[in-house]
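Below is one structure, written out as structure tokens, with a few remarks after it.
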Amino acid sequence: MNVIPAQVGSTIDEIDTPALIVDLDAFEHNLNKLAGFAREAGVRLRPHAKTHKCPIIGLKQIAAGAVGQCCQKVGEAEALVRGGVRDVLVSNEVIALPKLRRLAALATDANIALCFDAREQVDAASRAATEFGVTFGALVEIDVGMQRCGVAPGQPAADLARCIADAPGLRFRGLQAYHGTAQHLPNLAQRERAIADAANAVRATLDPLERDGMRCEVVCGAGTGTFALEAASGVWNELQAGSYLFMDTEYARIGGAEGGLYTEFRHSLFVLATVMSAPASDRAIVDAGLKSYSGEKGPPWVYGREDVEVVGISDEHGKLRVGPKAGRLRLGDKVMLIPGHCDPTVNLHDWYVAVRAGRVEALWPITARGASS
Ligand SMILES: *Cc1c(COP(=O)(O)O)cnc(C)c1O
């Protein structure tokens, strides 16, 4: 663990850098906006905790109306339950018995569900659940176009659901139907087509389920780029968006209904960095590189400063080009960087420094940070 980067009441200038900043006004705007959307659309919200990795934030989403949390890793589920979250869907397949036993241990005092796309997973999860005397909720994951995990829609999915329904320790709850590659398609029309196809894949699965007398309570899916489409389809009834809370440059770039930037949600997540070298008038070096933000979606954007951009990133340094309209950056100046991709950026930090009106209001530990197993 790193030292705590700030104290409650500190000014921004007093925060030790690099630090992960949450702008509370923007964060609360995003939190309430999706919660309100789900309420009005009449769908449940189960936000994805792989974005924030922090039970304090998960509990805020639940207080705003979410039914629980999703996560991707067993270690994330453990951190969430330890932090007080009582309803967790692992939106992923799990095959190893030691992991399934960890989940079964959690299921002794929380609702735990997970996804399946093969009979071997069903057998293993059933064994772990019966050993612990618990029941897992079970979703059949269908491939709705992403070509990652998931059984084929239609009869193969219904056959797996039947196998789950017959397995002790598992309760068939419904379908996991997430189209991950649709999320960042660069315009709305492309996303609409992808989700229309995904909706057809779900419908083609609901028919054989019904013929077999299987009740499908939940159809879960959707992310920040497409949630309104899933909600409008009448097919999904549980949304699992995650990045909407923070936003990042990858999402900003996908374009809203009219093209341009996607502005449905505000940027609330920043890496605060300090200029620690300024060897030339057009160049400044900050103390935050790849160990402070992810780089796989491109360099971060510099927030709120005209004509300054990140042009180089290495492990410990960020190189800024300081244009003629910017004015010189001085040693000790702070810059706020908007990460390219929020989830892996969060995974590099121990603390959120939550800020409002220029002051630190709270510090939240990122307890699922590094929970890769
Ligand atoms: C990442 C993910 C989400 C959330 O997507 P965002 O783009 O972060 O909103 C939802 N469901 C699953 C299965 C995911 O992997």
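The values are calculated or read from the model by the stated rules, or taken from the named source; none is laboratory data. Bear in mind the structure is a predicted one, so any value in this text is a computation, not a measurement. Backbone-built Cβ (ideal geometry, glycine too); neighbour counts: all protein chains shown.
Contact map, segment 29-48: residues that are over 14 Å from Val219 (Cβ atoms) and among the polar types (S, T, N, Q) paired with residues that are within 16 Å of the ligand (Cβ to nearest atom) and modelled with pLDDT under 95, Cβ distance under 9 Å, separation 6+ or inter-chain. Pairs shown: Asn30/Glu264. Filter segment 56-67 down to the residues that are within 26 Å of Phe116 (Cβ to Cβ) and surrounded by 23 or more Cβ atoms within 10 Å (Cβ to Cβ) and list them by number. Gly58, Gln61, Ala66, listed by residue number. Within segment 61-72, the residues that satisfy the criterion of being over 14 Å from Ile366 (Cβ atoms) and in contact (Cβ under 8 Å) with a residue 12 or more places away in the chain are Gln61, Ile62, Ala64, Gly65, Ala66, Val67, Gly68, Gln69, Cys70, Gln72. Taking the conditions exactly as written (out of contact with any strand residue (DSSP E or B) (no Cβ under 8 Å at 6 or more places or on another chain), among the β-branched types (Val, Ile, Thr) and touching a residue at least 40 places away in the same chain (Cβ under 8 Å)), does Ile254 satisfy them or not? So Ile254 fits the description; yes. If you go through segment 244-266 and keep only what is within 13 Å of the ligand (Cβ to nearest atom) and of a type in the set (Val, Ile, Thr), you end up with just Ile254.
Can you pull out the residues in segment 318-339 that are in contact (Cβ under 8 Å) with a residue 60 or more places away in the chain and out of contact with any Pro (no Cβ under 6 Å at 6 or more places or on another chain)? Matches in segment 318-339: Lys334, Val335, Met336. Check segment 95-113 and report whether any residue there is surrounded by fewer than 21 Cβ atoms within 10 Å (Cβ to Cβ), modelled with pLDDT under 95 and either polar (S, T, N, Q) or farther than 19 Å from Ser373 by Cα (or both). Checked against the condition, which is being surrounded by fewer than 21 Cβ atoms within 10 Å (Cβ to Cβ), modelled with pLDDT under 95 and either polar (S, T, N, Q) or farther than 19 Å from Ser373 by Cα (or both), segment 95-113 yields at least one hit. State which residue is farthest from the ligand (Cβ to nearest atom) when the search covers only segment 72-94 and only residues that are surrounded by fewer than 20 Cβ atoms within 10 Å (Cβ to Cβ) and among the acidic types (Asp, Glu). Among those residues, the one meeting the criterion is Asp87. In the set (1) more than 16 Å from the ligand (Cβ to nearest atom); (2) closer than 21 Å to Tyr251 by Cα; (3) not in a helix (DSSP H, G or I), the condition left unmet by Ala241 is number (1). Residues of segment 15-71 that are among the polar types (S, T, N, Q), away from the ligand (no atom under 13 Å from the Cβ) and either in a helix (DSSP H, G or I) or within 17 Å of the chain's Cα centre (by Cα) (or both): Asn32 alone.
The residue list Ala189, Ala204, Ala196 contains one member that is at pLDDT below 95, part of a helix (DSSP H, G or I) and farther than 13 Å from Met146 by Cα, which is Ala189. Annotation note: of Gly83, Gly154, the sole residue that is under 30 Å from Asn200 (Cβ atoms) and touching a residue at least 40 places away in the same chain (Cβ under 8 Å) is Gly154.
Yes/no per residue for (1) within 13 Å of the ligand (Cβ to nearest atom); (2) part of a strand (DSSP E or B); (3) crowded, with 17+ Cβ neighbours inside 10 Å:
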residue	(1), (2), (3)
Gly225	yes, no, yes
Phe270	no, yes, yes
Pro299	no, no, yes
Gly312	no, yes, no
Glu316	no, no, no
Arg321	no, yes, no
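Among residues of segment 220-238 that are touching a residue at least 60 places away in the same chain (Cβ under 8 Å), none has a Cβ under 9 angstrom from a residue that is near the ligand (Cβ under 8 Å from one of its atoms) and charged (D, E, K, R) at a sequence gap of 6+ or on a separate chain. Annotation note: Cβ proximity below 6 Å between a residue of segment 175-202 that is over 13 Å from Glu230 (Cα atoms) and a residue that is among the β-branched types (Val, Ile, Thr) and part of a loop (DSSP other than H, G, I, E, B) (sequence gap 6+ or interchain) occurs for His184/Ile254; Pro186/Ile254. Highlighted here are the strands (runs of 3 or more DSSP E) found entirely within segment 330-373 that include at least 1 residues which are of a type in the set (Gly, Ala, Ser) and surrounded by fewer than 19 Cβ atoms within 10 Å (Cβ to Cβ): 359-365.
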